[in-house]
Structure formats: structure tokens, C-alpha cells
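Notes follow once the structure below has been shown.
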Amino acid sequence: MPEILIVGAGVVGASTAFHLAAQESVKGSSVTVLDARHAGEGMSSRSSALVRMHYTFDQEVRLAVDSLTYFREWAERIGRPPVFRECGFIRIVGPGEEEQLRKNVEMQVACGAEAEVITAADVLELEPGWQVDDVVAAAYEPRAGYGDGAVVAGDFLARARELGVGYRPNTPVRALIEEGGRVRGVTTDDGDILADLVILATGVWTRPLLQGIGVDLPIESEYHEVAVLRDGGNGAASRTACIDSGTGTYFRPEPGAGLLLGEFTGPRDGIDPDDFPQVPGDLAVEMVGRAARRIPALAEAGIAGGVTGVYDLTPDARPLLGPTSGLEGLIVAAGFSGMGFKICPAVGRALAELALDRTQTIDISAFNPDRFAEGKPITPLYGYSDD
Ligand SMILES: Cc1cc2nc3c(=O)[nH]c(=O)nc-3n(C[C@H](O)[C@H](O)[C@H](O)COP(=O)(O)OP(=O)(O)OC[C@H]3O[C@@H](n4cnc5c(N)ncnc54)[C@H](O)[C@@H]3O)c2cc1C
């Protein structure tokens, strides 16, 4: 069994470690996870952790549908307390994009999602406090919900370690070791660690590590603020999660507070993943103003707290999964562009299958990291203008 080194113990690296260890033919002891800090302390712990199936590209829908089963069956599959809360999900698209929405819901149902198109009146029935004058049709997923990124990373890793996987926290990788077109291991402050295969699950920190061996993948850092709001005085502002093109925001219930609110895009210029604001500021205030157009009660809601974080954004906003640049001994798993939480269980299994040269349960070849260099970004059939 080859030695496999997973760099990064966020939800992606930890899920991959679990899936490798869970393969009957794999001795867990041949897999080691390294992290510069601790499991889940990267962007996973900052995640809004929304789990929904509404995507415009069928392979990402399949990954999300399959991952939902893991989240719903967490105790049975991972042996840890349940981590998923169902709240349902509504997708409101921009004006004139209802036809795309219908096509996408059709495709999602064909991929196994429980989804339907509903009217503005149906939305009001679910959420009487919303303002829906601009809504013609929306997508609804009754079984969607949310989890917790730090818990999921920690649980996956804990189970992987029970199955024999090695773990070295506080071990930053300073460089990849590459010789003759093959990655042979990593350099750390404690010396070199050699491996037959390195899986790079280092999120927003991935680009410089690859640049060190002459590979440049287009992963940009994008800063995001997420606000936690107290209710506007009228009870639950929203029981349902929502992605709303009408206001450019997303939101979901937050236990004990009221509502968690984020937005589609954020600043990209000069964003340093090791040095960015740690508490939400003006962006969050402006975002609440916009969200109040959908939920008027939010106009009176106070910001009770929140988090900030950085997306590892690619040009088509989809992850980079697989080998790159003809290099042997390396698999990249980064560039999750704000969607890594909801698909991490199925992605981890797919990466484990790739590492072991097994047939893919869900084909991830479309996420080939070299697709931009080859001029083949993922282009959905019925994309939205703000997708
Ligand atoms: C504010 C915010 C909200 C989000 N909301 C959602 C959402 O609602 N739904 C959703 O699906 N996704 C969401 N995401 C995206 C999702 O959280 C991420 O895609 C996912 O957590 C990425 O996991 P990861 O394992 O790839 O990266 P990370 O969790 O960042 O893990 C990478 C790990 O690599 C380690 N590392 C980095 N460099 C080195 C090195 N040189 N040596 C050793 N270790 C290293 C880090 O310490 C870290 O632990 C959100 C992200 C943010 C920031």
C-alpha cells in the first residue's frame, strides 16, 4: 500500500482521510494528515455550512445529493452525534431567469434531488414575513439545511484516526518536493516527509505551494463577511434558508440568535488569507440593508456577531480536483469557491477512489484542475447571471 500524505485537515482533507481509511484494502497507517494548525481551523470553521442541492451543473448536484445522505446519516456513518439541521431551502433567481430555474430543477430532480418549483404565494405560505412582489417562481428543497464546518472536519478526522490514520497538527508544509515530474513529498520544519502520493487540500493557501514547484492554478482569494442577526422583534425572521438573487444575499436560521446572513461576492484585491479583518464591519451593515428588502423585519434587527472568511475562488467558481500539469504523485483538491462544505463527503470519497485508482462512484473528471489552461471552463447549460 503506497504512503499517502494529505496536507490540510479542513472538511476536504479530513473527509478524504476518512474515506481512504474506510476502504477495506487500505491500512489506515499508510495515510497521514498534516495541518499547519489544527483540524477545521482553516476556512471550514468559518463556513455558513449551508447544504442545498440547487446548482446549475449536474456533477455538482450529484456530489451535493450524495453528501446530503452522509450529513443526514452522520451518526450511523461516522459514529458521532448528528451534525445536520433540516430547515428547507428556497432559491430566488434574478428577473427573467425563471425558465433557467425550471430547467435546473428538472435536472436536479433527475440527479436525485428533492426539489420543486413553487410560486410567490407558496413562498409566502412558508415565510409570511417576506416581501415577494418581485418573485415569479422559486425553487424549493424541503430536505436542505445546514451543518457545522469545524465539527464535520473534526468528526471525519477523529473517525479516520480511529481507523489508523496518522495526524500531525502544527506542522506547516513549507514546500512540495518535486523531482523529474513527480512530487515525492513535502518539506516541514521537522524535516522532509516522503510519500508516494501527496493530496493537497490546503484551500485558500494552495496557490503559493504549487507556485513553488512551477505550477500556477487560477485560485483567487475573496473576502466575505457573515452577520448573525437578532430577530427584528417579530419572532423568527426566517425558518427557511434562502439564496436570493433579488438582494444578492443568502441567509439561514441560526440557533439561539435569529438569522445568519452572507452575500454572493466580496472584495478580491489584495486579500491575504493570513491577514484579513476578523470581525464583520461596513460590508455586513450594507448587506443587512439589502436583505431587509426581502425580510422587512431585518430593518430593526441588530447585528449580534458574525464571522469573516476567505473563499478560494476559481474562474468558473468550481473546485479543482485531480492531478495537474502532468505531475505524478500529486492530487489537488482546492478552489472550492464557497461550496466546499456541502459537497465534502462525496468529494472526499471521490478523491480516495482517485488515489487508489478505483472506479469513481461520481465522476469528478469535469473538475480537472487544468481545464482553464485547456480553455475548457465548466459552462452550465442554464446558468444564472450571478452564478
Ligand atoms: C465565510 C464563508 C462561508 C461559507 N459558506 C459556505 C456554505 O454555506 N456552504 C458551503 O458548502 N460552503 C461554504 N463555504 C465554503 C467552505 O466552507 C469551504 O469551501 C470549505 O470549508 C473548504 O474546506 P477545505 O478543507 O478545502 O479548506 P480549509 O478548511 O481552509 O482547510 C485547509 C487546511 O489546510 C491547512 N493548511 C494550509 N496551508 C498549509 C500548509 N502549508 N501546511 C499544512 N497545512 C496547511 C490549513 O491550516 C487548513 O486547516 C464558506 C466559506 C466561507 C469562508
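The values are calculated or read from the model by the stated rules, or taken from the named source; none is laboratory data. Because the structure is a prediction, the values reported are computed rather than measured. All Cβ positions, even for glycine, are placed from backbone atoms using ideal geometry, and neighbour counts span all protein chains on display.
Before moving on, here are some points about what is shown:
- Total residues in segment 94-118, condition loosely packed, with under 14 Cβ neighbours inside 10 Å and within 26 Å of Leu259 (Cβ to Cβ): 1
- When restricted to residues that are within 9 Å of the ligand (Cβ to nearest atom) and among the hydroxyl-bearing types (Ser, Thr, Tyr), segment 139-158 contains 1.
- Residues located in segment 205-264, provided they are of a type in the set (Ser, Thr, Tyr), touching a strand residue (DSSP E or B) at 6+ places or on another chain (Cβ under 8 Å) and farther than 18 Å from Gly145 by Cα: Thr206, Ser221, Tyr223, Ser245
- Any pair with Cβ under 7 angstrom, 6 or more apart, that starts in segment 1-24 at a residue that is at positive phi and part of a loop (DSSP other than H, G, I, E, B) and ends at one that is of a type in the set (D, E, K, R) and crowded, with 24+ Cβ neighbours inside 10 Å: Gly8/Asp35
- Test result for Leu351, closer than 19 Å to Leu20 by Cβ, aliphatic (A, V, I, L, M) and modelled with pLDDT under 95: no
- Among the residues of segment 43-61, some residue qualifies, meaning at least one is within 19 Å of the chain's Cα centre (by Cα), of a type in the set (Val, Ile, Thr) and assigned to a helix (DSSP H, G or I).
Matching residues to (1) in a strand (DSSP E or B); (2) charged (D, E, K, R); (3) within 16 Å of the ligand (Cβ to nearest atom):
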| residue | (1), (2), (3) |
| --- | --- |
| Gly289 | no, no, no |
| Ala292 | no, no, no |
| Ala297 | no, no, no |
| Gly306 | yes, no, yes |
| Tyr311 | yes, no, yes |
| Asp316 | no, yes, yes |
| Leu321 | yes, no, yes |
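- Being farther than 26 Å from Arg294 by Cα, touching a strand residue (DSSP E or B) at 6+ places or on another chain (Cβ under 6 Å) and within 13 Å of the ligand (Cβ to nearest atom) is a condition met by at least one residue of segment 36-44.
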